[in-house]
Amino acid sequence: MQEGRAVIALSHLSKTYHSEEEGDRTALSDVSLRIDKGDIFGIIGLSGAGKSTLVRCLNGLETYQGGSVKVRGQEVADLSPRELRSLRQRTGMIFQRFNLMPSRTLLGNVALPLANSGLNRKERTDRARELLELVGLAELGESYPAELSGGQQQRVAIARALANRPDILLSDEATSALDPNTTKSILALLRRLHDELGITVVMITHEMAVVRQICNRLAVIDQGRIVEEGRVFDVFANPQAWLTKSFVATTSNLDKVGDLIEAGSPLIQLKPGQVLLRMRFTAKTVDEAMVSTISRRFDLDVNIIFGDVDVVEGSQLGGLVVRLEGSGEHIRAALEYMRSNEIGIEVLDRG
């Protein structure tokens, strides 16, 4: 595996748990991944797939039996206790349940990782105030965690994770306990911190929408193995593994047309000469006004039934379900034209 700009490099990583009652259980098997400096890298899988075990191997909270885990070029298994402490200081971590201390103010919580930093009390407090301002909570420094909403508590946890100026931030299901609007604001905050501070972010999640909103690369893990990896746009546009396809389907409305067909919905009933079509944008280069183009160029009536189009990595991703009406020859020519322009085409029904 090339390591170049990689800040995290996993090679054939294996991890097995042993218990007297259940025997051996493999959590990770032959996992190889490269995470480059500046990535927002998503690791997605179902519960029990090995996501959290993987991220805990990155900061030495879990040992591993086989393979290699290198962070900033250092093999984690070879680090001394002192070197492990340094690794964890430079690797911030946020969790699903915030893990704030209820007896401490927000300032006290954020300053806690600085206890052995060599800073005096005033310097630690000043740093904590600076971080609370960074996450939009400057006025709440003397408040306690119980007085905050879940989103505010997670912002405090993010501030605390940044206390020692890490260059890597690990997020273990950090938005799973939050409502959709709060999740969106936390992800926007992480994106801003990534851009402003230049940190590398690793997002552990079971929600494909989280990956779609913030990540530039992702890996899909299933039963301890990586089943797919790549740039977010490429994976969403053309998923290969069954699990990846099922995850992608949760973020799109395009597949609900199957339910409408099965239910015999009048919305998609066809007359003679009509074709029901699902169009998917599968390449970043698609920028043509395709619907109006095929309508004019091939003398077709095009009725958009519904669509789902988003912007991922600066390009359109998604597609449309449309009803075409015109001569068979013109429809065939239009389909060929769209395919030649890297539009994914699926004919769902013909009148």
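Within the range 48-97, the set of residues being of a type in the set (Phe, Trp, Tyr), in a loop (DSSP other than H, G, I, E, B) and in contact (Cβ under 8 Å) with a residue 60 or more places away in the chain is empty. Of the residues making up the range 119-128, those that are closer than 14 Å to Arg165 by Cα and of a type in the set (Lys, Arg) are Arg124, Arg127.
So in the range 151-177, with the set limited to residues that are among the β-branched types (Val, Ile, Thr) and assigned to a helix (DSSP H, G or I), which one is surrounded by the fewest Cβ atoms within 10 Å (Cβ to Cβ)?
Taking the range 151-177 as the starting set, the residues that turn out to be among the β-branched types (Val, Ile, Thr) are 156, 158, 168, 175.
If we keep only those that are assigned to a helix (DSSP H, G or I) as well, we get 156, 158.
Numbers: Val156: 27, Ile158: 24.
Here the answer is Ile158.
Leu13 meets all of the listed conditions (1) more than 15 Å from Val202 (Cβ to Cβ); (2) more than 19 Å from the chain's Cα centre (by Cα); (3) not basic (Lys, Arg) but one, namely (1). For the range 178-210, a residue qualifies if it is touching a helix residue (DSSP H, G or I) at 6+ places or on another chain (Cβ under 6 Å) and either of a type outside the set (S, T, N, Q) or in a loop (DSSP other than H, G, I, E, B) (or both), and the qualifying residues are Leu178, Ile186, Leu187, Arg191, Val201, Ile204, Met208. Can you find a residue that is in contact with a Lys or Arg (Cβ under 8 Å, 6 or more places away or on another chain) and either in the same structural domain as Leu137 (by TED's automatic domain parsing) or not in a strand (DSSP E or B) (or both) anywhere in the range 15-34? The answer is no, given that none of the residues of the range 15-34 is in contact with a Lys or Arg (Cβ under 8 Å, 6 or more places away or on another chain) and either in the same structural domain as Leu137 (by TED's automatic domain parsing) or not in a strand (DSSP E or B) (or both).
I want to confirm something. Restricting to the range 323-340 and keeping residues that are out of contact with any helix residue (DSSP H, G or I) (no Cβ under 7 Å at 6 or more places or on another chain) and either among the aliphatic types (A, V, I, L, M) or under 20 Å from Phe233 (Cα atoms) (or both), which single residue is surrounded by the most Cβ atoms within 10 Å (Cβ to Cβ)?
Initial filter on the range 323-340 (out of contact with any helix residue (DSSP H, G or I) (no Cβ under 7 Å at 6 or more places or on another chain)): 323, 325-333, 335-336, 339-340.
Right, trim to either among the aliphatic types (A, V, I, L, M) or under 20 Å from Phe233 (Cα atoms) (or both) and you get 331, 333, 335, 339-340.
Numbers: Ile331: 21, Ala333: 17, Leu335: 19, Arg339: 11, Ser340: 8.
Among those residues, the one meeting the criterion is Ile331.
So how many residues does the range 108-118 have that are over 14 Å from Leu162 (Cβ atoms) and surrounded by 14 or more Cβ atoms within 10 Å (Cβ to Cβ)? Write out each step before concluding.
As a first pass, look at the range 108-118 and keep what is over 14 Å from Leu162 (Cβ atoms): 108, 115-116, 118.
Narrowing further to those that are surrounded by 14 or more Cβ atoms within 10 Å (Cβ to Cβ): 108.
Count: 1.
Within the range 38-50, restricting attention to residues that are surrounded by 22 or more Cβ atoms within 10 Å (Cβ to Cβ) and more than 9 Å from Val202 (Cβ to Cβ), the residue that is nearest to the chain's Cα centre (by Cα) is Ile44. In the set (1) free of Cβ contacts under 8 Å to residues at least 12 places away in the same chain; (2) in contact with a strand residue (DSSP E or B) (Cβ under 6 Å, 6 or more places away or on another chain), the condition left unmet by Ala174 is number (1).
Considering only residues of the range 71-107 that are buried (at least 20 other Cβ atoms within 10 Å of the Cβ) and under 24 Å from Val202 (Cα atoms), which is modelled with the lowest pLDDT? Give the steps one after another, and end with the answer.
From the range 71-107, those buried (at least 20 other Cβ atoms within 10 Å of the Cβ) are 71, 76, 91-94, 98, 100, 106-107; that's our starting set.
Subsequent filtering for residues that are under 24 Å from Val202 (Cα atoms) retains 71, 76, 91-94, 98, 100.
Working: Val71: 95, Val76: 95, Thr91: 94, Gly92: 93, Met93: 92, Ile94: 92, Phe98: 86, Leu100: 91.
Here the residue is Phe98.
The number of residues in the range 109-136 that are free of Cβ contacts under 8 Å to residues at least 40 places away in the same chain and within 30 Å of Arg72 (Cβ to Cβ) comes to 16.
The values are calculated or read from the model by the stated rules, or taken from the named source; none is laboratory data. Computed from a predicted structure; not experimentally measured. As a convention, Cβ positions derive from the backbone with ideal geometry for all residues, glycine included, and neighbour counts pool all protein chains shown.
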